[in-house]
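Data first, discussion second: the structure below is written as structure tokens.
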Amino acid sequence: ENDVRDFAVRCDKGTTNAYGQTVDIDQPEFWFKTSYRMNETHRFALYASGFHQSQRSWFGVTSYNASQNNGYANLQYEFSYSTNSVLKSGISYRHLDLQESIAFSTNTLNRTYAGKYVKKENIPGVFAENTLSFAKGKLTWIMGIRADHHNEFGWEITPRTLLKFD
């Protein structure tokens, strides 16, 4: 005779009665962009975004709960110094706050990773990027550099270049 029974959330969640999973996630987020054009050659732009995510879960006898806040802001100045060239420079900031909790309602397998895990990152940065357009807009060359400072790992400098043909 078969002893398998269906998972019932109310009476089986976190028990060994029957295996099941429950996941409850909430994630509101926002995105914002605005700019101010002083004239045909000078413009400022502000980009901002963020979200909050909370998760409450059970995977068999393992409880996983997490809360995460992310934010990003970028303020840049754009200078169109010719009809085929734009120089962008600015500052940015990225924030991450992640808190996780793992627990077991029973631990017959002697798992050792239960506990609270916290990760906080704050990353201010500066950047400059030059875009050149050639051959009536068919060839674009973007070159730039950025420097970011991570609160744990220090400075990271990232040069980049991109050549695009349409």
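The values are calculated or read from the model by the stated rules, or taken from the named source; none is laboratory data. Computed from a predicted model, the values in this text were never measured in an experiment. Note that we place each Cβ from the backbone using ideal geometry, even for glycine, and neighbour counts take in every protein chain shown. The area values use the complete protein model at the heavy-atom level, side chains included, leaving out ligands, DNA and RNA. Shrake-Rupley method; radii C 1.70, N 1.55, O 1.52, S 1.80 Å.
Filtered by the rule that a residue be open to solvent by less than 90 Å² (accessible area, probe 1.4 Å) and assigned to a helix (DSSP H, G or I), the stretch 9-29 gives V9, C11, D12.
Conditions (1) assigned to a strand (DSSP E or B); (2) under 30 Å from Y36 (Cβ atoms), marked per residue:
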site: Q76; (1), (2): yes, yes
site: A103; (1), (2): yes, no
site: R111; (1), (2): no, no
site: P124; (1), (2): yes, yes
site: F127; (1), (2): yes, yes
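Scanning the stretch 1-36 for residues that are under 29 Å from the mean Cα position of the chain (by Cα) and free of Cβ contacts under 8 Å to residues at least 24 places away in the same chain, we see that the one that is farthest from V86 (Cα to Cα) is E29. Determine whether W155 is open to solvent by 60 Å² or more (accessible area, probe 1.4 Å) and farther than 30 Å from N39 by Cβ. Spelling it out, W155 is indeed open to solvent by 60 Å² or more (accessible area, probe 1.4 Å) and farther than 30 Å from N39 by Cβ. The test for being of a type in the set (A, V, I, L, M), modelled with pLDDT of 95 or more and surrounded by 14 or more Cβ atoms within 10 Å (Cβ to Cβ) holds for A128. Residues that are touching a Ser or Thr at 6+ places or on another chain (Cβ under 6 Å) and surrounded by fewer than 14 Cβ atoms within 10 Å (Cβ to Cβ) were ranked within the stretch 30-71; the one that is modelled with the lowest pLDDT is T41. Being in a strand (DSSP E or B), more than 15 Å from H149 (Cα to Cα) and not aromatic (F, W, Y) is the filter here, so list the residues in the stretch 78-100 that pass it. Within the stretch 78-100, E78, S80, S82, S85, V86, L87, K88, S89, D97, L98, Q99, E100 qualify. Tell me, which residue of the stretch 1-21 that is of a type in the set (G, A, S) and under 19 Å from A103 (Cβ atoms) is modelled with the highest pLDDT? That would be G20.
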